[in-house]
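First up is the structure itself, then whatever we jot down about it.
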Amino acid sequence: MKCRFPVFGPFVLLAWCLFALPIYAQTAAVTTQPVTPLRYDITKEVKLSGTVSEVVKAPTPEKNMVSGSHLIVQTKTGEVDASLGRFAMRGKGGVSVAPGQQVEVTGVMKTMKGKQVFVTRLVQAEGHTYTIRNEHGFARERVAVDGAGATNSGSKGGQL
Amino acid sequence: MKLGTLWIALVVLCAWGVAGCGGGHHHVTPITTKNFVFYAAGTDSADCTYYIAGVVQISADGNNTIMGGVQDFNDGDPEDCIGTSPQPSGDTINPVGSSLSFNPDGSGNALLTLVTSNTALGPANNPNLPPGTEVFALSFANPNHALIAEFDGAATSLGSYDLQTLPTSPFAGTSFSFTASGFDPNGDAIAEGGVFSLDGSGNITGTADVNDGGTLTVFDIADVTLGTATEGTFGRGTISGSLDGITTTVNYYIVSPEVIRIINVDATDTAVGSAYGQGASAGTFTNASIGQSVFSVAGIPDFIIYNVVGQFTTVPIETDAKPKANLRGVHANGTPVLGTFAGIEDANISVEGGPIVSAEPFNGTYNLGTDGRGSFNFTSDVVVFGVYAVDPSLNILDPNNPLPLPLLNGGALLVELDADLIGTGLLLPQATAPVPVVSNVAPNVVFGAQGNFGDGERVGEFELLGAAAMDDGAFSGKGFIDDPTGILTGTVIGDNNSTFNATFTDDGLGIGRYTSGTGGFVATSPATDETIPFTVIAYDANGSQLFWIEMDTGISWGGPIEASTFTVPVGTKIPATPKNK
């Protein structure tokens with residue numbers, strides 16, 4: 001079948017294109033980058049054991065590490081960078097371990113700054129358990145030692 | 001001067017003196033005073049997140065003499081940080097040594113020095129200041145409102161400073177929306193928002209959404225009372241009972257009959273927030289109460305670090321609703337009427353190793369109940385904002401100065417209600433006819449930026465505060481760089497003579513979004529000879545109110561830009577030539 005108005009074809013196409021421009025307040029799928037940080041999936045938690053080879057309280061910029069303190073743990077399968085966050089070694093109740101100590105760390109392995117980082121929620125050392133993140137992976141402003149402070153729940157607020 | 005003239009002058013002066021002293025009677029003319037309520041959130045000298053709220057009484061005779069006041073400070077950690085102010089008294093603000101001094105350049109920049117009874121506060125390493133002294137930087141947008149930041153090397157923070165107008169009668173039958181954020185007794189970050197109503201006896205009832213360390217709960221507020229706050233108490237009172245599920249100690253400061261600042265003064269947890277009245281709209285909110293808007297959401301200072309700023313439009317009612325939806329928030333069958341929203345946002349989570357997204361489109365559905373409480377559910381990401389609408393006639397950023405028509409007041413408070421981020425924010429109506437353009441931004445503005453920078457070794461907070469001239473996008477400012485840990489350049493900066501320069505251009509999207517270009521916002525500290533480039537994006541609500549965000553990797557800030565009645569003197573502009581960061 002021949003088109004009766006071949007000259008109009010491009011204009012019709014253009015008109016359709018105009019109508020196809022995105023219109024605000026429609027819920028059609030929007031291709032977007034996630035605006036949330038890497039999620040901490042507690043179902044993917046693993047427990048690693050090893051010997052602390054280095055305690056990094058404040059990494060230098062040259063180390064290109066995630067901010068906050070770290071334990072470099074030598075495990076059977078290799079060296080692991082256990083990230084403890086910015087508050088774990090602060091204050092009187094902070095995590096206290098030294099190179100050569102045996103530790104057990106619980107957390108989730110993630111890729112951060114192009115490197116494998118073990119985002120650590122629990123550190124067990126010298127018979128103590130330090131809770132430095134909650135089950136959603138948020139670092140706590142203060143470390144709980146041996147269950148002090150317990151785990152987070154919505155009913156334990158103590159806020160406004 | 002001749003001898004006779006001198007005598008005449010002396011006689012006149014003596015006569016004035018006698019008259020001024022009441023002719024010898026012991027009568028003291030009371031000095032008229034004004035109270036200003038302030039609050040701020042930031043990082044204190046022990047590198048702990050802290051909150052402060054208070055009221056300062058100032059003479060209204062033009063001398064700005066500090067007459068007294070009271071404040072509450074709380075970093076929620078008496079073991080490793082400072083702790084909270086003694087309760088129930090709080091910290092007394094002593095007139096002796098306290099002062100408010102304006103920069104003589106007429107910009108509205110000022111320094112407020114408060115000598116408090118809390119000797120744990122202040123720059124202990126500064127022998128020139130007595131223990132308990134705090135110094136705040138102020139940038140006045142008008143005589144009744146300023147942005148405020150602690151500026152004494154001991155702490156840094158950002159907040160608001162507003163004229164206090166106490167209600168003539170108790171709050172009665174008044175409905176409020178509120179948000180607050182901080183951390184709980186476990187040290188978990190917390191953000192919460194909700195709505196409540198007051199009866200004539202101070203009883204509070206309502207509903208709160210709580211994001212406690214990523215765990216979400218809804219709490220019915222009951223058995224809570226608002227204690228009496230009178231002139232003699234500087235409008236400070238105590239809320240008894242819990243707004244989120246736990247009995248706790250919360251103090252409040254009345255700014256006006258429709259605005260209250262609230263601060264948690266518990267020993268091992270802390271938070272600060274605000275409650276805004278819903279006015280005549282209480283009980284009648286609908287999806288249509290929220291239209292085209294700009295918004296800003298931020299985490300918790302030096303704790304949960306991120307900023308998101310954006311703009312969206314709304315369609316308040318779904319187009320395929322069956323049965324035909326009304327605008328009262330629910331269908332006849334009880335299900336919520338869902339409106340839709342779509343917009344553009346800029347987000348920076350990079351200080352904590354997260355992503356940066358710029359001019360990112362988003363959309364979703366929303367619902368606002370008649371009580372003003374609702375939510376925005378982003379379909380383009382796993383994000384939920386709790387939303388709490390305020391009186392449409394109330395200027396959230398400057399409660400004493402409603403915007404003149406045809407500009408829109410009102411808006412809403414926001415709380416991030418998902419398991420991945422914890423923060424609070426604001427939503428302001430955006431002018432639509434026409435949408436703001438950079439050439440129409442107010443010629444004089446004040447600005448506040450609360451930022452964090454992670455240099456790979458540590459993370460620290462800094463603040464920028466000041467007044468600026470805006471001329472067709474050319475931003476020329478003067479004010480304060482406060483970097484008490486030297487996180488920005490390696491050099492500690494506390495410079496009240498800093499300059500700020502940028503050229504903002506409209507991004508062409510037609511949504512009131514302006515960009516400085518990469519490194520195009522330049523802050524210069526003459527005192528330390530440091531020049532710091534930033535990459536900034538601003539979203540314009542109406543030419544008088546903007547939110548901005550810093551978008552470089554590892555560094556971010558959020559905060560407001562507001563129209564000012566003061567004038568930044570010409571001659572402060574310097575070439576925007578970044579030197580280092």
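Quick note: the coordinates plus some simple rules give every number you see, no bench work behind them. Remember, predicted model here, so these are calculated numbers, not experimental data. Backbone-built Cβ (ideal geometry, glycine too); neighbour counts: all protein chains shown.
Summary table
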read-out: Shielding by partners, peptide B:454-462 (average Cβ within 10 angstrom, other chains); value: 4
read-out: Degrees separating the helix B:3-20 axis from the principal Cα axis of chain B, which is the longest one; value: 50
read-out: Loop-resident sites, the range B:59-151, for GluC sites (Glu not before Pro), counting at most 16 other Cβ within 10 Å (DSSP); value: B:E79
read-out: Protection proxy ranking of B:395-404, B:48-57 - average other beta-carbon atoms within 10 Å, highest first; value: B:48-57, B:395-404
read-out: Two-site FRET efficiency, B:D105 against B:A280, from Cβ-Cβ distance with R₀ of 45 Å, rounded to 0.05; value: 0.60
read-out: Residue order, fewest to most beta carbons within 10 Å, for A:E45, B:E345, A:E62, A:E54; value: A:E62, A:E54, A:E45, B:E345
read-out: Integer Hz, Karplus 6.51/-1.76/1.60 couplings in order for the range B:72-82, x for Gly and Pro; value: 10, 10, 7, 10, x, 8, x, 7, 10, 10, 9
read-out: Under-5 Å amide H pairs with B:Y306, H placed in peptide plane, nonlocal only; value: B:G299, B:I300
read-out: Electrostatic dipole magnitude of the range B:33-163 [Cβ: Lys, Arg +1; Asp, Glu -1; Cα centre; debye, to 20]; value: 500
read-out: Cα-Cα over 23 Å, subset of A:K47/A:K92; A:K63/A:K92; A:K63/A:K110; A:K92/A:K113; B:K34/B:K478; value: A:K47/A:K92; A:K63/A:K92; A:K92/A:K113; B:K34/B:K478
read-out: Reciprocal of mean inverse Cα separation for the range B:174-280 (Kirkwood radius, Å); value: 13.8
read-out: Within the range A:42-151, percent of DSSP bridges classed antiparallel, to nearest 5; value: 95
read-out: Potential extension, A:E104-A:Q116 segment - 0.36 nm per residue separation minus Cα distance; value: 2.5 nm
read-out: Dipole axis of the range B:438-563 (+1 Lys, Arg; -1 Asp, Glu on Cβ), positive-most option in B:A527, B:G473, B:G486; value: B:G473
read-out: Under Karplus coefficients 6.51, -1.76 and 1.60, residue-wise ³J(HN,Hα) of the range B:454-468 in Hz, glycine/proline x; value: x, 8, x, 10, 8, 10, x, 9, 9, 9, 10, 8, x, 10, 9
read-out: Mean Cα-pair separation over length for chain B, i.e. relative contact order, pairs under 8 Å, 6 or more apart, %; value: 12
read-out: Pairwise centroid distance, computed over Cα atoms, of the range B:182-208 with the range B:533-554, Å; value: 30
read-out: Spacing of the two label points (7 Å from each Cα toward its C-beta) at A:E79 and A:V46, in nm; value: 1.9
read-out: Intensity falloff of chain B expressed as log10 I(q)/I(0), Debye formula with alpha-carbon point scatterers, at q = 0.08, 0.10, 0.12 Å⁻¹; value: -0.52, -0.81, -1.17
